[in-house]
1. Could you state the number of Å between the C-alpha centres of segment 41-77 and segment 225-290?
2. Springs between alpha-carbon pairs under 10 angstrom, Gaussian network model over the chain: which of ARG188, ARG153, ARG82 fluctuates most?
3. Going by C-beta contacts inside 10 Å, put LYS84, LYS24 in order with the fewest on the left.
4. Over segment 121-230, consider all pairs of different Cα atoms and compute the Kirkwood hydrodynamic radius from their mean reciprocal separation; express it in Å, one decimal.
5. Quick check: net charge around LEU110, other residues with Cβ under 10 Å of its Cβ, Lys/Arg +1 and Asp/Glu -1?
6. What is the sum of charges, Lys and Arg at +1 and Asp and Glu at -1, for the other residues whose Cβ falls under 10 Å from the Cβ of GLU45?
7. Mind running the shape call on segment 251-290? Use the C-alpha gyration tensor, a ≥ b ≥ c as the square roots of the eigenvalues: rounded below 1.5 for a/c, prolate if a/b tops b/c, oblate otherwise.
8. Where Lys and Arg each count +1 and Asp and Glu each count -1, what net charge lies around ASP180 among other residues with Cβ under 15 Å from its Cβ?
Amino acid sequence: MSKTLRKAVFPVGGLGTRFLPATKSMPKEMLPVVDKPLIQYAVEEAAAAGIEEFIFVTGRGKAAIEDHFDYSYELQDTLIRRDKTEALEELNRWMPKAGKVMYTRQQEPLGLGHAVWCARHLVGDEPFAVLLADDLVLSQTPCLKQMVDVYDRQGGNVVAVMDVPLEHTKRYGILDVGSDDGKLAEVRGLVEKPDPKDAPSTLSIIGRYILQADVFDHLETRSLGAGGEIQLTDAMARMIGAGPFFGLRFEGTRFDCGDKVGFLHANLAFALERDDMKDGVRKVIDAYSR
Ligand code: UTP
């Protein structure tokens with residue numbers, strides 16, 4: 001039986017250059033979609049999938065993330081005095097339990113693989129999830145929960161995948177697919193950001209992974225990949241054949257919130273899901289589509 005998944009790593013050490021100037025002094029992961037920071041969506045998704053320990057790999061200028069997952073005494077006190085019970089309950093609902101949030105720093109942004117490697121002592125010798133907060137998924141069942149259901153059956157490594165237009169393969173880690181039942185694709189090979197002409201498929205990995213701790217041994221070599229960065233995809237590629245490895249075509253819509261248009265799209269989609277906002281937002285959209 002596969003070991004239970006209890007830990008999740010949130011790499012938040014990137015510079016977010018595509019979102020300057022907003023990200024000059026504010027972490028990209030604190031950008032709100034409607035009224036909730038991206039990183040909170042990711043933490044809530046992890047908690048809904050059974051994750052108990054939350055490991056953040058931060059960097060310079062990311063203190064707002066630590067504050068967000070901490071008690072805010074003035075705010076809590078004011079809400080109590082003003083009898084705002086509902087707001088207070090909502091604030092406490094998603095707060096991780098004491099001692100269950102851990103932080104380490106990636107001292108230089110050397111790439112996603114390096115960020116994950118920085119968490120190796122906090123993860124130890126057990127499977128773990130990785131969630132990139134700038135990939136936001138709107139779905140019936142939280143994306144990581146869908147992956148955990150596969151992991152509990154198959155064990156090994158599981159990544160969330162979706163088909164992308166051929167001209168976009170340069171932006172993603174791309175699968176070479178073995179057996180495929182239309183939902184679960186066996187990973188036979190992995191290539192980071194291939195040119196469309198070299199891409200083995202158009203099935204690309206989005207920012208959700210369930211990985212075995214062996215990946216740290218492969219990251220240890222610190223070899224540079226695409227873009228001169230230490231790539232998580234390259235380390236995962238070295239694990240192929242050592243155990244089950246599947247890409248899950250998840251149910252839901254993924255938004256790339258590290259990109260400005262993707263971020264605006266996510267705001268519209270999430271606002272249209274809200275009873276208190278959808279009519280107003282529809283009117284705005286209609287006014288612009290005339
Ligand atoms: P991105 O490729 O989006 O990079 O990282 P970025 O620096 O955040 O943004 P741009 O491209 O400059 O606008 C994908 C994820 O990996 C994390 C980021 O925080 C983001 O969640 N990351 C990336 C790290 O934690 N460390 C790194 O060295 C690179």
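Since every read-out is calculated from the coordinates, none of them should be taken as a lab result. Everything numeric in this text was worked out from a predicted model, so none of it was measured. Every residue, glycine as well, gets a Cβ built from its backbone with ideal geometry; the counts of neighbours run over all protein chains shown.
1. If you average the Cα positions of each part, the centres end up 20 Å apart.
2. Between ARG188, ARG153, ARG82, it is ARG82 that shows the largest mean-square fluctuation.
3. Exposure proxy ranking, most exposed first: LYS24, LYS84.
4. Hydrodynamic radius (Kirkwood, Cα only) of segment 121-230 equals 15.1 Å.
5. With Lys, Arg at +1 and Asp, Glu at -1, the neighbours total -1.
6. Computed value for this residue: +1.
7. Taking the square roots of the gyration eigenvalues as a ≥ b ≥ c, segment 251-290 is oblate.
8. Neighbourhood net charge equals -1.
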